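The values are calculated or read from the model by the stated rules, or taken from the named source; none is laboratory data. It should be emphasised that the depicted structure is a prediction, and the values quoted were computed from it without experimental measurement. Here Cβ is always computed from backbone atoms with ideal geometry, including for glycine, and neighbour counts include all displayed protein chains.
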C-alpha cells in the first residue's frame, strides 16, 4: 500500500524543533498540514495568532465567548493650572521679616527701652519694648533675622539680661567719654544662646545713644559669590571690592542713621579720589545716598564716609558682623589666575577685620562686635583655635598635623579681642521672659518656680533659643 | 571544697554498692567455696539506681538517728538552695525521677529544721552534698549609698543603651557625656524622657544630673538615663518609690 502523504510532509514532520514537548499525537493528527490545506507550513510551528487591535467599544466575537463591551475612559492629561510664583516671590517670602502679630496679646504696662533706662540694674530679668523708630532703624540695618521669634508677639521687645546690662554700661561709658578705647568683642556660645540677639541689643542701645551703626548682617553674603566683585586698582596683594553690596550697605547706613543728616562733609574730596564732583557741605546722609545710587563709586564713597565719621567730634561707632567664620576662609570667588580668593582680600571684610584686630582703632571710640554662628558655620580650625586661646580654654591645643591660616591667626595676634561666651539665662531672667510670654498669650501654663525650673533644665541651663522652643513652640 | 567532696562521695558509694566483703577462704572451719556467694553490701544493689537509693536510705537513717533533736519553725530555719533534680542527676549520674528526688528534698527540709545550735556535724556534712555549689541567698546586693561627695548613682539600661547617672543636690543642671542636655539630645521629647524621674516627682530643680551614656540611639540613651536617674533618686529619697511607680516607668521599675 502506498503512503497517503507525500515525501515532503514526512520531511516536515521530522523537522519539528522539539518533538518531545508535544503530547503523543494520534496517528490522524500526525500531519497537521492536513488541517490547513492552503498553507505549506505546519500549524504547530506557526507563530501565535496576532493580537487583534483593540477597538475601544467591542472585542472580536470569538466563537463561544460573549460579546463584551469594554468601557475605555479617556486619559485626562493633568495640566498644572496653578499660578506660578513671580520671579523673586519665593525668595521674598523666605526672607520676609514679620515683626508684628495682631493675634498676640498686647502686653499691658510694657515699658519701652530708652537711653536713660537701659543702664538700670534693677531692670535685670525684665522685658522692655523696642521703640518704633528704633525698630525701623534696626530693620534698615537688617538686625532682625527670619528664624527669630518676632512673629509671635505684638511688637518687638527684648530681655534685659546680665550681658545686656553690661554692654549698656559700656555703651554709656563710651558715650560719656569715660572710656575712650574701642571695645572689640566676639560673641561665642552654643546654638540659640542669643549671640545674634546680643548684636541686636547692642545696635538698639547704640541707636538710642545716637551712635552710628554699620552692620554686616551676614558675612556669608559677602563670600558666597552672589554679588559682583572686581579688583581694586594698585593694591598688592590685590583687594577686591563688591560694589553692589557696598551700595546697598551705604543705603542701609543712610536709612538707619538719621544722625548722619546732621553731620556735614568737612571738606570736599580731591578729584583723584572720587570721579564725580561732590557738592560741598552736603550731609553725610546725602553722601551715603550718592554712593547707594551709583555702585560704581560705592566703595570710594564708603571710604570717604568712614573717614568723615572718624574725624574729631563725631559720634561713636558701632560695627557689627554676624557669622564671623564665613569671613575667615576662601571665598567662592576666583581670581584672574583661577585661584580662590581669600575673604580677607575683600575690602569690606578687610575693613571690618582691621577694626576687630585693633589695627585701625576708632578715634571716637566705639564697639566692634562680631558673632559666630553654630548653625551656619563652616569649619575654620584657625578661628576655633584663636577664639579658644583668647577665651582661656586650655583644652583646645594647636594640632601639629593641621594647617592653620596665618591670616586668620593674625587677626587675633595683636590681642585685645575679648571673647565673650553667651551662656544661658539665670532662673530669674528666664522667669521674667516666661512671664512676658505668658502676658503675650503664647504661654498658657502657670509660670511658677517649678515650671521655670523644669523648662530651665530642659533647655540646657536657660539657653534662650531652646527655652523658646520648649515653652513657646512645643505647645501640646 | 564542696565539689571535691561530691566526687569522693559518688565513687565510694558506688564501690560500696557493688563490692561485697571479700570471702575469707582461710577461716576455720573452712567454708565450702562451692556454697560461697557474693552478698552485696548495699541493699540497693539490685536496683538500677544504686547511688541515689543509697543516698536516700542514708538520709532516712540520719533522720531516724536525729529525729529527737529540737527543731525550729520552718521560717526560722536557715535558707538553703537545694540542688535541682537536674543538677542532682548530673551529680550521681543516674536517671533519678523528680518524684523520688522530691522525697529526698522533703527529708532534707526536715533535717534542716533541726536547731542550728545542736546540728550534728555528720548531718551537716551529709546535707552539704545536696546544696547548690553557689548559694544564691548568700549573695547580697551592695546597697547604693550617698558617697562622701554627696553623689548617688544608678545604672539604667534601655534597648542597647546603658547609662550611669550620678545625682547630686543642686539646681537642676544637667550634663550628659560632658555636654549640656540640649547638645546631647536634639529632640525635646528625649530631654523630657531623660529627666522624667525628676519631673514626675517634682525634683527637677533640686538635683544636678551628671550622666555617662553609651550604646544605642538617642531614644534608648534618653530612656536609659531615665531609669538610672530614678534609681539614683531612690538613694536620696527612698520614700519616692510609689511616686516613681506612678510615673509609668518600665516594668523593671514596677516589679521592684
Give the residue that is nearest to the chain's Cα centre (by Cα), with candidates limited to residues of the stretch B:201-214 that are over 20 Å from residue A:469 (Cα atoms) and within 11 Å of another protein chain (Cβ to nearest Cβ).
B:209
How many residues are touching a strand residue (DSSP E or B) at 6+ places or on another chain (Cβ under 8 Å) and either within 24 Å of residue A:101 (Cβ to Cβ) or without any contact (Cβ under 8 Å) to a residue 24 or more places away in the chain (or both) if we restrict to the stretch A:436-462?
2
Residues to consider are A:229, A:240, A:245; find the one that is out of contact with any strand residue (DSSP E or B) (no Cβ under 8 Å at 6 or more places or on another chain) and surrounded by 17 or more Cβ atoms within 10 Å (Cβ to Cβ).
A:245
Enumerate the strands (runs of 3 or more DSSP E) found wholly within the stretch A:263-349, keeping only those where 1 or more residues are more than 18 Å from residue A:215 (Cβ to Cβ) and in the same structural domain as residue A:408 (by TED's automatic domain parsing).
A:330-334, A:340-342
Go through the residues of the stretch B:157-165 one by one and say whether even a single one is touching a residue at least 12 places away in the same chain (Cβ under 8 Å) and part of a helix (DSSP H, G or I).
no
If residue B:111 satisfies every condition in (1) crowded, with 19+ Cβ neighbours inside 10 Å; (2) in a loop (DSSP other than H, G, I, E, B) but one, which is the exception?
(2)
It is to be established whether one or more residues within the stretch A:122-129 are more than 25 Å from residue A:426 (Cβ to Cβ), at pLDDT below 95 and either loosely packed, with under 12 Cβ neighbours inside 10 Å or assigned by TED's automatic domain parsing to the domain that holds residue A:203 (or both).
no
Can you tell me which residues in the stretch A:389-408 are within 14 Å of residue A:186 (Cβ to Cβ) and touching a residue at least 24 places away in the same chain (Cβ under 8 Å)?
A:390, A:391, A:408
For the structure I just gave you, tell me whether residue B:233 is away from every other protein chain (no Cβ under 13 Å), assigned to a helix (DSSP H, G or I) and in contact with a helix residue (DSSP H, G or I) (Cβ under 7 Å, 6 or more places away or on another chain).
yes
Quick one: in the stretch B:175-200, which of the residues that are more than 9 Å from every other protein chain (Cβ to nearest Cβ) and surrounded by fewer than 18 Cβ atoms within 10 Å (Cβ to Cβ) is farthest from residue B:239 (Cα to Cα)?
B:186
Are there any helices (runs of 4 or more DSSP H) wholly within the stretch A:364-476 with 1 or more residues that are within 14 Å of another protein chain (Cβ to nearest Cβ), more than 25 Å from residue A:111 (Cβ to Cβ) and touching a helix residue (DSSP H, G or I) at 6+ places or on another chain (Cβ under 8 Å), and if so which?
A:449-458, A:464-468
Are any of the residues in the stretch A:287-295 under 20 Å from residue A:314 (Cα atoms) and surrounded by fewer than 15 Cβ atoms within 10 Å (Cβ to Cβ)?
no
Can we say residue B:57 is at pLDDT 95 or above, under 28 Å from residue B:99 (Cβ atoms), surrounded by 10 or more Cβ atoms within 10 Å (Cβ to Cβ) and out of contact with any strand residue (DSSP E or B) (no Cβ under 9 Å at 6 or more places or on another chain)?
no
